[in-house]
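The values are calculated or read from the model by the stated rules, or taken from the named source; none is laboratory data. Just so it is clear, the structure is predicted and the values come from calculations on it, not from any experiment. Here the Cβ positions follow ideal geometry from the backbone for every residue, glycine too, while neighbour counts run over all protein chains shown. With ligands, DNA and RNA removed, areas are computed over all heavy atoms of the protein, side chains included. Shrake-Rupley method; radii C 1.70, N 1.55, O 1.52, S 1.80 Å.
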Amino acid sequence: MPAGRILPARERRPGRAPEVVNAVDPGVHLTPLHDRHLALGAKLIEFGGWLMPLQYAGILEEHRAVRERAGLFDLSHMGELFVEGSDAGNALAYALVTNPPAAKEGRAHYSMICAADGGILDDLIVYRLGLERFLVVANAANAPAVSDALAERLTDFRAVLDDRSLAMALVAIQGPRSVDILAPITDVDLAALRYYAIAEGSVAGIPALVARTGYTGEDGFEVFVENARAHELWDVLLEAGSGHGLVPVGLGARDTLRLEAGMPLYGNELDSETNPFEAGQGRIVKLDKPGDFIGRAALERVAREGPAKRLIGLVMQGRGIARHGYPVHSGSGSDQTGVVTSGTHSPTLGKAIAMAYVAPKDAEPGTIVDVEIRDQRVAAEVVGLPFYRRDPRTDG
């Protein structure tokens, strides 16, 4: 197999800020389920270069459905990058901060791809599909850049990158009733499929990869299929879930769900100016793995000297919601210590919550800081992440 051979890559479309749209921009990608979203009356926004459903019946209703029953998500905007070959594992170990060749077949792990200075280019899920075959799932807006970076980093390895981002659909079913809905229509043994594992099989006769992963803090599954079968998969899952309270869910509730679960979002908590240790993800950086990897020297220095900022959770003590970009001040003085990255009113907890970066001295749980909301200082308590953890006894 030729070293670094690249199979056909996806189109390159830069992301733009989300906004509600009424007409389709010819430069924006549509998922293969676009007509289903229109038929369901979804409010659509442009997100990461794709036209995506923001909500159907409403963010609050959809959020509660996932926490209490189940929700169905179209995630076809995500990037699917297959890497295979005799050096596939070693190539990814060089390209990423984790150690993919140490993973067992059928398992997945959370990872990041960083620049030489340690800045995060994207956060990823890496699935080991076989001895020499991996699937890397990238965020929509970053998928072209990740594809390009992997292509460059695989050059000296006997590995092939096959970017199938525009050829594959991804549908997620999340919530405590997910197993009840999916089990009767798949030949994958869901009882044997552990959290962060993947199996090849079928759903209602549709060839699929079924992973027990998600971005909501609930038990659930992500199902990868070819675009041509996306309609069939979506329809059969909606039908299978009709007696279990399943509802379609848009990006609005996906954001409130992931925030409650303390999961970072690229462009908010993660960016090229932030390294994994600052983002509270230092545990995934495998400095003890053999060989070099992009960003090793910079990340070794951060591990040795400590991060310049730390990602924290905040629970507001007064009225107001801390939004992205709001300043955070030390409670003991007027100095700004950091900035809010994400904030909302938590439907599950009934409180206003946020994530923020602050100076390490202000990052300990129990510390009181002030968030500047419309020229007013509102007290907030620093808490550990996540804000919400599901009861594992409710799983399947």
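Of note:
- Qualifying residue in region 254-264 (condition: touching a residue at least 24 places away in the same chain (Cβ under 8 Å), touching an Asp or Glu at 6+ places or on another chain (Cβ under 8 Å) and of a type in the set (Asp, Glu)): no
- The number of residues in region 110-143 that are open to solvent by 10 Å² or more (accessible area, probe 1.4 Å) and under 26 Å from LEU51 (Cβ atoms) comes to 7.
- Residues of region 123-144 satisfying the condition of being of a type in the set (Asp, Glu) and touching a Leu at 6+ places or on another chain (Cβ under 8 Å): ASP123
- Screening region 270-307 for residues that are among the acidic types (Asp, Glu) and in a loop (DSSP other than H, G, I, E, B) and picking the one that is nearest to GLU152 (Cα to Cα) gives ASP292.
- Residue in region 378-390 that is free of Cβ contacts under 8 Å to residues at least 60 places away in the same chain, open to solvent by 30 Å² or more (accessible area, probe 1.4 Å) and on the phi < 0 side of the Ramachandran plot present: no
- Of the residues making up region 112-165, those that are among the hydroxyl-bearing types (Ser, Thr, Tyr) and farther than 18 Å from ASN99 by Cα are SER147, THR155, SER165.
- All positions within region 290-310 that are in contact with a strand residue (DSSP E or B) (Cβ under 8 Å, 6 or more places away or on another chain) and open to solvent by 30 Å² or more (accessible area, probe 1.4 Å): ILE294, LYS309, ARG310
- Unmet requirement for ASP187, which otherwise passes all of (1) more than 15 Å from THR213 (Cα to Cα); (2) surrounded by fewer than 23 Cβ atoms within 10 Å (Cβ to Cβ); (3) under 20 Å from the mean Cα position of the chain (by Cα): (3)
- Inside region 78-100, residues that are more than 12 Å from GLY130 (Cβ to Cβ), open to solvent by 30 Å² or more (accessible area, probe 1.4 Å) and not in a loop (DSSP other than H, G, I, E, B) make up a count of 2.
- Of all the listed residues (ALA208, ALA183), the sole one being touching a Phe, Trp or Tyr at 6+ places or on another chain (Cβ under 7 Å), among the aliphatic types (A, V, I, L, M), over 28 Å from GLY262 (Cβ atoms) and at pLDDT 95 or above is ALA208.
- Of all residues making up region 361-372, the number that are assigned to a strand (DSSP E or B) and surrounded by fewer than 21 Cβ atoms within 10 Å (Cβ to Cβ): 2
- If you go through region 322-380 and keep only what is closer than 23 Å to VAL66 by Cβ and aromatic (Phe, Trp, Tyr), you end up with nothing.
- Region 62-77: number of residues that are part of a loop (DSSP other than H, G, I, E, B), open to solvent by less than 10 Å² (accessible area, probe 1.4 Å) and in contact with a Gly (Cβ under 7 Å, 6 or more places away or on another chain): 1
- Residue in region 323-344 that is outside any strand (DSSP E or B), touching a residue at least 40 places away in the same chain (Cβ under 8 Å) and of a type in the set (S, T, N, Q) present: no
- If you go through region 340-360 and keep only what is under 13 Å from ALA380 (Cβ atoms) and open to solvent by 30 Å² or more (accessible area, probe 1.4 Å), you end up with just LYS351.
- Residue selected from region 42-61 under the condition assigned to a helix (DSSP H, G or I) and in contact with a Ser or Thr (Cβ under 9 Å, 6 or more places away or on another chain), by the criterion nearest to ARG390 (Cα to Cα): LEU60
- Filter pass, ALA149 being in a helix (DSSP H, G or I), small (Gly, Ala, Ser) and either more than 30 Å from HIS324 (Cβ to Cβ) or out of contact with any Cys (no Cβ under 8 Å at 6 or more places or on another chain) (or both): yes
- Answer from ASP35, ASP117 - the residue that is part of a loop (DSSP other than H, G, I, E, B) and among the charged types (D, E, K, R): ASP117
- Residues that are open to solvent by less than 30 Å² (accessible area, probe 1.4 Å) and among the hydrophobic types (A, V, I, L, M, F, W, C), drawn from region 312-328: ILE312, LEU314, VAL315, MET316, ALA322, VAL328
- Looking only at region 308-322, and only at residues there that are aliphatic (A, V, I, L, M) and in a loop (DSSP other than H, G, I, E, B), the one that is nearest to ALA279 (Cα to Cα): ALA308
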